[in-house]
Structures are given as structure tokens and as C-alpha cells.
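The values are calculated or read from the model by the stated rules, or taken from the named source; none is laboratory data. All values derive from a computational prediction rather than experimental measurement. Reconstructed Cβ throughout: ideal geometry from the backbone, glycine too, with neighbour counts over all protein chains shown.
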Amino acid sequence: MPAPKTIIVSNRLPVRIEKDGDSLTYKPSEGGLATALGSIYKDGDNIWVGWPGASFESDALKAEVTEGLKKESMRPVFLTDDELDKFYLGFCNQTLWPAFHYFLQYIDYTQENWESYVAVNQKFAEAIAEYTNEGDTLWVHDYQLLLLPAMLRKKFPKISIGFFQHIPFPSYEVFRILPWRRELLEGMLGADYLGFHTYDDMRHFLSSAHRLAGYPYSGNQIQLEDRTVVADPLPMGIDYDKYADNAVHPESIEREERYRKSLGPQRLMLSMDRLDYSKGIPRRLQAFDELLERYPEYREKVSLLLIVVPSRDQVPNYQALKEQVDELVGKINSKYGRMSWVPIHYFYRSYPFTALGAFYRMCDVAVITPVRDGMNLVCKEYVASREKQDGVLILSEMAGAAKELSDAILVNPTDENQVVEAMHRALQMPVEEQKQHMATMQATVRKYNIFSWVELFFENLERVKRLQVSMRTVALSAEKRSELVNSFQSAKKRLLLLDYDGTLVNFHNDPQACAPDEALLKDLSALAKHPKNEVVVISGRKHETLGKWLGSIPVHLVAEHGVWSREAGKGWEKNIDADAEGWHAEAGEIMNFYVDRTPGTFVETKSNSLVWHYRKAEKGLGEMRKSELTSQLKHMLGERGFQVLDGDHVIELKPEGINKGRSAKLWQDAANAEFTLCLGDDTTDEDMFKSLPKTAFTVKVGPGTSHARFGIDGVKDVRDLLSLLVDK
Ligand code: GDG
């Protein structure tokens with residue numbers, strides 16, 4: 001088995017391939033992610049997989065590029081022009097990008113583009129599979145590859161897969177608009193650990209996974225059939241020292257001096273983004289226009305340095321935006337401009353790194369007001385570059401970075417008045433105050449830098465893998481099952497402890513509609529009649545119901561978690577005698593208060609317990625009310641000797657000391673069995689698993705954590721297993 005390696009996957013490789021005469025040269029990217037992951041993908045056998053950034057037609061050229069990239073620890077996935085058109089420009093940039101940035105009016109629903117998206121993700125999966133082994137760790141990046149984690153999971157069921165989403169994850173209300181929402185979610189859930197820039201992005205993802213794909217979650221853990229997946233906010237940082245050093249680099253200083261000479265002495269505000277409608281450039285320009293209108297004293301004294309980096313210029317919306325920006329700049333410059341002063345210095349191009357250093361040094365104020373941004377790194381770079389700790393950052397609340405940089409002047413980018421006043425306040429802010437805020441922001445950006453981000457990502461992914469192992473019950477494989485059957489056959493005395501709902505029969509929205517079918521009655525009866533067997537059905541159900549459903553066959557019954565018991569052929573015995581009157585009325589009143597506020601819920605009254613059912617309540621609302629009700633019940637009745645049990649879409653209030661574990665133990669002691677089989681599906685069954693000896697065959701039904709030794713998939717498998725034991 002080769003040594004485990006790490007594979008980074010992103011749509012675009014961190015390299016620029018240029019033609020130099022007859023040969024190709026490979027220029028590494030200076031982007032933050034590439035720098036941070038440099039020490040990782042260049043190490044040992046690790047690699048970075050992605051599209052090399054240009055179309056290479058001939059096989060000979062592709063082979064040359066593949067060889068060249070190999071030396072850089074990279075592996076290419078070549079995309080055709082058709083794929084670039086439909087997958088990249090189409091689905092990525094005209095469907096997912098606008099949807100995830102809340103530009104619903106721009107979403108393109110072309111099915112062909114979706115098909116290309118699936119095909120390209122599949123192409124990545126196949127390329128990656130060529131270099132991958134089960135022990136490797138994969139880190140997939142961003143919205144272009146949302147389907148990839150599940151495709152890789154299919155090929156490598158146990159592999160570690162991390163995923164990071166660089167753009168926002170929208171609210172469920174928006175995400176659900178996409179026709180391919182379910183496939184996208186299932187794709188992402190192929191990962192073990194999913195990182196987002198903010199808590200809100202994570203929350204939106206969890207809510208979509210729950211509501212659209214039906215997976216339950218608790219905290220930030222999502223329970224799939226066979227795995228626990230963790231979603232987490234992990235805001236991306238920058239290489240702080242690189243920006244701090246660049247700002248004082250002689251070349252940046254020289255550039256600043258050069259620019260200054262041509263610009264004159266006026267104060268500067270910086271606006272720097274890729275050309276994108278999510279960045280809010282036109283609104284920013286309108287606010288600048290209004291600033292000059294409202295505060296004429298800034299005319300000839302303040303200019304806006306507007307850097308717009310070309311991006312996606314083949315997409316019509318981007319072309320229209322470019323025209324809008326050009327027009328606005330023209331309008332403002334012609335309205336206020338003087339021979340000696342230009343209000344907006346506008347550049348539509350990309351600059352070398354040292355030019356960035358000069359821009360960050362020169363500008364007293366940075367105006368970063370995207371209408372929606374996953375994180376926004378420019379604002380962090382500005383902060384890191386402020387050597388003297390002066391300068392003011394105006395930052396949109398809609399950028400992920402706003403969650404960390406609360407010392408910036410935070411604005412709602414659509415509130416023009418607020419942005420104008422923020423500009424005014426920034427230009428007036430005393431240096432001492434600027435320094436106070438800047439120092440705090442620098443400390444944050446320095447601490448939560450890109451290197452700690454990468455380190456934390458891998459640590460968290462590893463932690464999830466450990467969690468999955470600790471929570472895994474061993475699947476009751478064919479081999480284990482025959483071991484179980486052999487032990488059953490060779491034992492003189494055998495005890496079967498069986499939960500009812502979710503174990504012997506499937507759940508139903510109406511709890512009364514779960515009566516046993518003929519086949520079940522036949523098998524249980526046959527098992528119970530065997531002289532070596534004791535069969536006990538241990539349920540939370542009312543004793544009347546259990547009696548009605550199972551009273552005609554010779555099984556022993558334990559009802560209401562142990563309040564009632566009945567040996568086969570005998571009458572019901574009540575095991576405790578709590579004061580039903582007082583607490584029933586009081587707790588019933590509380591539960592009914594929640595029923596009134598939560599459609600789809602109801603209260604079931606048992607002789608010694610009360611159950612609040614929320615299976616039919618709106619997803620999310622039911623869980624929220626459950627938490628409220630649980631804490632209220634605990635608060636009001638906990639000290640009076642009551643416990644609140646958390647079951648499958650129910651909570652049950654009952655006197656302490658009564659639980660299925662106690663009943664299971666009583667039967668275990670009394671039966672003196674050499675073989676015990678215990679089957680159950682929910683948290684109340686865990687008490688049984690815990691109370692039995694280690695040698696017992698405890699089996700958890702369905703997914704999730706458990707104290708049981710084994711796990712099986714569902715009711716059908718339980719029924720097959722019981723059938724196997726009949727007549728043995
Ligand atoms: C996506 C998400 C998230 C800009 N102009 C030049 C230049 N840049 C560099 C900046 C910065 C980067 O480009 C832009 O990063 P942002 O984070 O601001 O924005 P997106 O490109 O939209 O990135 C975003 C990010 O992913 C990371 O997860 O923060 O929310 O949309 O580093 O310095 N670099 C050079 N010349 C330029 O002219 N060399």
C-alpha cells in the first residue's frame with residue numbers, strides 16, 4: 001500500500017502556462033490559496049488537480065503540458081471549448097454564481113449546462129481516481145465541483161474528503177429554487193467535512209440538507225445513513241506577513257512615489273475588485289457622486305482610485321456591468337472634474353503584486369461594499385498593509401469578512417445615505433481613532449491567517465474521521481450474522497429483547513396505524529413457542545395497545561418503557577405507582593401549549609407518562625419546539641423526580657427510574673440465558689444496550705451512533721434476521 005497522500009482539487013490549477021518561443025513555461029500563481037497550500041501539494045507525492053487554464057487541442061500538446069505540470073506536482077484535467085462554455089461560463093457562472101449571491105433574476109436554468117456540469121465533475125472524479133488510494137486525503141474547493149465529493153465517495157467509500165465553499169451558501173428559500181438542488185446537496189454530502197466562510201453559510205447548508213434531502217442534524221453534525229458529516233464555519237484568512245512586507249517593499253514605495261507625482265496631493269479612497277455584479281461597484285460610485293454633491297469641500301481634495309479587474313467578460317451580464325461602470329465614471333468625472341483634479345482614477349486591468357502594495361499604502365480609506373461576498377480578501381489585505389496603523393476600512397455587512405472585522409465602519413451597501421455618511425466619517429476620523437480600530441483589525445487578520453486556516457481545515461477533517469470511527473457500530477455482515485445464528489443454535493436458553501416501533505415495524509405518521517402484520521405475528525409466535533426461547537417485546541407504547549396487538553401470541557410484553565409488564569399468558573402488572581393526577585395535569589398543560597403553537601403535533605397520554613409527538617410538524621420548527629419544551633419540562637418537573645426522554649420525533653415525560661434498560665436487565669437476570677439478542681432503533685433503546693452484558697448481541701437498527709455492538713439497516717433486515725432464527 002503506497003504512503004497516504006494529500007490531493008488538492010480546484011477548478012483552476014494555481015499556474016499560468018505561457019508560450020515562450022517553442023516551449024511552454026509554468027508560472028506559479030501568487031494567489032493566497034496557492035501560497036498557503038504550496039507547502040502541502042509540493043510535499044512528497046501530494047498533488048494539485050485542476051484545469052490548466054487554457055485549451056490545448058492536440059494530444060501531443062496535452063502530453064507535454066501533463067509532463068510539465070508533473071514537475072510542479074500538478075495534474076491537469078483538460079476541458080473542451082464546449083465544456084468551458086456550458087460548464088464554466090454556463091452552469092458555474094450563470095447559474096450557481098448568481099443563485100448563491102442572491103441575484104435570482106440572473107439565474108440561467110439551461111438543462112444542457114447542468115448536464116455539462118455533471119459530466120465535468122465526473123471527468124474530474126475519473127482523473128483523480130487514477131492517482132488515488134483509500135488512505136489518501138482529498139480537499140475539494142468551491143462551487144465548480146459540488147458534485148465531486150459524492151462521485152469520489154462512490155469510488156472510495158472510506159477516503160477522507162474535505163470540501164471548502166469559497167462563495168456564500170444561500171438560504172434554503174433561495175437554494176430550493178434550483179431544479180438540481182437535491183443532486184447538488186447529495187454531491188456535497190459526499191464529503192466528511194464541509195467548511196464555509198461564515199456561520200450563516202453553514203446554517204443555510206444544514207437547513208437545506210435537512211429540508212431538501214431529509215437528513216437530520218444536531219449542532220453542526222449531519223447524520224447520513226452510513227456516516228456523520230460535519231459542516232463548520234472556517235473563515236479564510238490571508239498570508240498576513242506577505243502583505244505587510246509587500247507594503248514596505250522598496251518597489252511598492254517607489255511605485256507609490258511615482259503614482260503620487262502624477263496624481264497630486266489629494267487624499268485617496270480605494271475601490272478594488274474583480275468586475276462582478278456581486279461587488280456593488282455602481283452603487284459605490286453613486287455614493288461617491290452623492291458625497292461630492294453633499295460635501296463640496298471634498299471636491300479637489302479627495303479622489304477615488306477605482307481598480308476593476310477584468311473577469312468573465314464573455315458573460316453578457318458582465319459586459320453590461322462594464323458599460324454601466326464606464327458610464328457612471330464618465331458622468332461623475334465630467335460633472336465634478338477640473339483641469340487639476342480628476343474625481344475618479346479608473347483602471348480596468350490587473351496589476352502586479354507590488355502595485356497592490358502601493359495602492360494599499362496610498363489610500364486613506366478603503367471602500368469595500370459588495371452587495372454579497374463569501375469572504376472578501378481585499379479588505380484583509382488592506383488591513384495587513386497599513387504599516388502605520390492608520391487608514392479606515394468601510395466594509396459591507398454582506399461580506400463574510402464583516403463577521404470578523406467589526407472594527408471597520410460597517411454599512412449596508414444598498415443604503416446610499418449610510419455609505420455616503422460612512423465615507424464622510426472615514427475622511428474625518430482622527431488618526432488616533434483610526435489607529436485604535438486598525439490595530440484591533442490587524443490583530444485579528446494576523447491571528448486568523450491563511451496558514452492557520454489550512455492547518456485547522458486538516459485538523460478538523462481528521463477529527464471528523466475519528467468521530468466517524470468512534471460512532472460506527474460494526475455492520476452485521478453475513479459473516480457476523482452466521483456467528484449470531486450459530487451462538488443462538490448452540491445455546492440452551494435464549495433471550496430475545498425486541499423494541500417495537502422502528503425495529504419490528506416501520507414508523508407511520510399515525511401511531512395507531514402500526515399494527516403488526518401477519519408475517520410478523522407468525523414469526524414472533526413461532527419464536528416464542530420454542531421451549532428454549534423467551535421473547536420479550538419492550539416498547540414505549542401504551543399497555544392497552546401492545547396487549548391488543550400482541551396479546552394473542554405467547555410473547556412477554558413490557559409497555560410504557562417498563563411501567564407495565566405482562567408475562568405471556570398472564571395479566572398486566574404495574575411496576576410503579578406515581579401520582580398520576582398532579583403531574584399529568586400540569587405537564588399536559590405545558591405540552592398542549594406547544595401543540596397550540598405547533599401544527600402537526602399532538603400529545604399522547606399513557607398511564608404513567610406523557611408523550612409529545614412532532615413527526616408531522618414542519619421540519620425545523622418541530623426540532624426547535626422540542627428543545628424549548630424539553631428545557632421547560634426539565635425546569636418545571638426535573639427536580640420532582642421526572643425525566644424527559646428524547647425519542648424518534650417524540651419526547652416523553654415519565655417518572656425517573658423507569659426505562660427500558662431496567663426492564664431488559666430484569667429479564668436478563670431472570671432468564672439466565674446463554675444467548676441474548678437485543679434489537680432497538682432509538683435513544684430509549686440505548687438504555688437496553690448499556691444494561692446488557694458485553695457478550696449479548698446488541699443490534700442498533702438504522703443509522704446513527706449507538707452503544708450496540710452491531711448495526712443493521714432497517715426493519716426489513718430485522719425481519720429477515722428473526723425469520724432466520726425461527727425453528728432453529
Ligand atoms: C472568491 C469569493 C472569497 C485583485 N486585483 C488584483 C489582484 N487581486 C486579488 C486580491 C485578492 C483577490 O484578487 C480577490 O479576492 P476576493 O476575496 O476579494 O474576491 P473573489 O475573487 O471574488 O474570490 C470571495 C474568495 O473567493 C476566497 O475564498 O473571499 O468572497 O468571491 O487576493 O488581492 N491581484 C493582483 N493584481 C490585481 O490587479 N496580483
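Below is a table of values for the structure above.
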{"read-out": "Condition broken by Leu467, with the remaining ones in (1) outside any loop (DSSP other than H, G, I, E, B); (2) more than 33 Å from the chain's Cα centre (by Cα) satisfied", "value": "(2)"}
{"read-out": "Answer residue from the range 17-35, given it is aliphatic (A, V, I, L, M) and assigned to a helix (DSSP H, G or I) and is surrounded by the fewest Cβ atoms within 10 Å (Cβ to Cβ) among those", "value": "Ala34"}
{"read-out": "Near pairs, Cβ below 9 angstrom, 6+ apart or cross-chain, from the range 203-214 (not assigned by TED's automatic domain parsing to the domain that holds Ser171) to any residue that is buried (at least 18 other Cβ atoms within 10 Å of the Cβ) and in a helix (DSSP H, G or I)", "value": "none"}
{"read-out": "Conditions (1) over 22 Å from the mean Cα position of the chain (by Cα); (2) within 16 Å of the ligand (Cβ to nearest atom); (3) buried (at least 21 other Cβ atoms within 10 Å of the Cβ); number of the one not met by Phe169", "value": "(1)"}
{"read-out": "Within the range 288-307, considering residues that are of a type in the set (Asp, Glu) and under 42 Å from the mean Cα position of the chain (by Cα), the one surrounded by the most Cβ atoms within 10 Å (Cβ to Cβ)", "value": "Asp289"}
{"read-out": "Filter pass, Pro310 being more than 16 Å from the ligand (Cβ to nearest atom), surrounded by fewer than 21 Cβ atoms within 10 Å (Cβ to Cβ) and not aliphatic (A, V, I, L, M)", "value": "no"}
{"read-out": "Restricting the range 690-727 to residues that are among the β-branched types (Val, Ile, Thr) and over 35 Å from the mean Cα position of the chain (by Cα), the residue that is nearest to Asn672 (Cα to Cα)", "value": "Thr695"}
{"read-out": "Given (1) in contact (Cβ under 8 Å) with a residue 24 or more places away in the chain; (2) more than 30 Å from Thr137 (Cβ to Cβ); (3) buried (at least 17 other Cβ atoms within 10 Å of the Cβ), index of the condition Lys493 fails", "value": "(3)"}
{"read-out": "Qualifying position, being within 14 Å of the ligand (Cβ to nearest atom), assigned to a helix (DSSP H, G or I), assigned by TED's automatic domain parsing to the domain that holds Cys363 and not acidic (Asp, Glu), among Ser262, Ser278, Ser271", "value": "Ser278"}
{"read-out": "Top-ranked residue in the range 222-238 [being touching a residue at least 40 places away in the same chain (Cβ under 8 Å) and away from the ligand (no atom under 16 Å from the Cβ); ranked as farthest from Arg463 (Cα to Cα)]", "value": "Glu225"}
{"read-out": "Filter pass, Val420 being touching a Gly at 6+ places or on another chain (Cβ under 7 Å) and surrounded by 14 or more Cβ atoms within 10 Å (Cβ to Cβ)", "value": "no"}
{"read-out": "From the options Leu275, Leu212, Leu285, Leu270, residue that is aliphatic (A, V, I, L, M), closer than 30 Å to Gly620 by Cβ, buried (at least 16 other Cβ atoms within 10 Å of the Cβ) and out of contact with any Gly (no Cβ under 6 Å at 6 or more places or on another chain)", "value": "Leu212"}
{"read-out": "Count - residues of the range 172-199 that are more than 17 Å from Gln122 (Cα to Cα) and either buried (at least 20 other Cβ atoms within 10 Å of the Cβ) or in contact (Cβ under 8 Å) with a residue 40 or more places away in the chain (or both)", "value": "14"}
{"read-out": "Leading residue by the ranking (modelled with the highest pLDDT) among those in the range 1-12 that are more than 16 Å from the ligand (Cβ to nearest atom), surrounded by 12 or more Cβ atoms within 10 Å (Cβ to Cβ) and not hydroxyl-bearing (Ser, Thr, Tyr)", "value": "Ile7"}
{"read-out": "Pairs with Cβ under 6 Å, 6+ apart, first in the range 129-143 and in contact (Cβ under 8 Å) with a residue 12 or more places away in the chain, second of a type in the set (S, T, N, Q) and away from the ligand (no atom under 14 Å from the Cβ)", "value": "Thr137/Thr6; Thr137/Ser160"}
{"read-out": "Residue that is surrounded by the most Cβ atoms within 10 Å (Cβ to Cβ) [pool: residues in the range 399-411 that are within 15 Å of the ligand (Cβ to nearest atom) and free of Cβ contacts under 8 Å to residues at least 60 places away in the same chain]", "value": "Ala399"}
{"read-out": "Candidates Glu639, Glu573, Glu581, filtered to the one that is exposed (fewer than 15 other Cβ atoms within 10 Å of the Cβ) and at pLDDT 85 or above", "value": "Glu573"}
{"read-out": "Filter result for the condition that a residue is in contact with a Phe, Trp or Tyr (Cβ under 8 Å, 6 or more places away or on another chain) and either in the same structural domain as Ala401 (by TED's automatic domain parsing) or on the phi < 0 side of the Ramachandran plot (or both), over Leu328, Leu305", "value": "Leu305"}
{"read-out": "Residue match in the range 511-520 (condition: hydrophobic (A, V, I, L, M, F, W, C), in the same structural domain as Glu686 (by TED's automatic domain parsing) and touching a residue at least 60 places away in the same chain (Cβ under 8 Å))", "value": "yes"}
{"read-out": "Matching entry among Ser631, Ser607 (being part of a loop (DSSP other than H, G, I, E, B), within 20 Å of Glu656 (Cβ to Cβ) and not assigned by TED's automatic domain parsing to the domain that holds Leu546)", "value": "Ser607"}
{"read-out": "Residue list for the range 613-636, restricted to those being of a type in the set (A, V, I, L, M) and either crowded, with 16+ Cβ neighbours inside 10 Å or under 20 Å from Tyr172 (Cβ atoms) (or both)", "value": "Ala617, Leu621, Met624, Leu629, Leu633"}
{"read-out": "Complete set of residues in the range 132-151 that are over 16 Å from the mean Cα position of the chain (by Cα) and surrounded by fewer than 24 Cβ atoms within 10 Å (Cβ to Cβ)", "value": "Thr132, Asn133, Glu134, Gly135, Asp136, Thr137, Met151"}
{"read-out": "Leading residue by the ranking (nearest to the ligand (Cβ to nearest atom)) among those in the range 337-384 that are more than 24 Å from Arg425 (Cβ to Cβ) and polar (S, T, N, Q)", "value": "Ser350"}
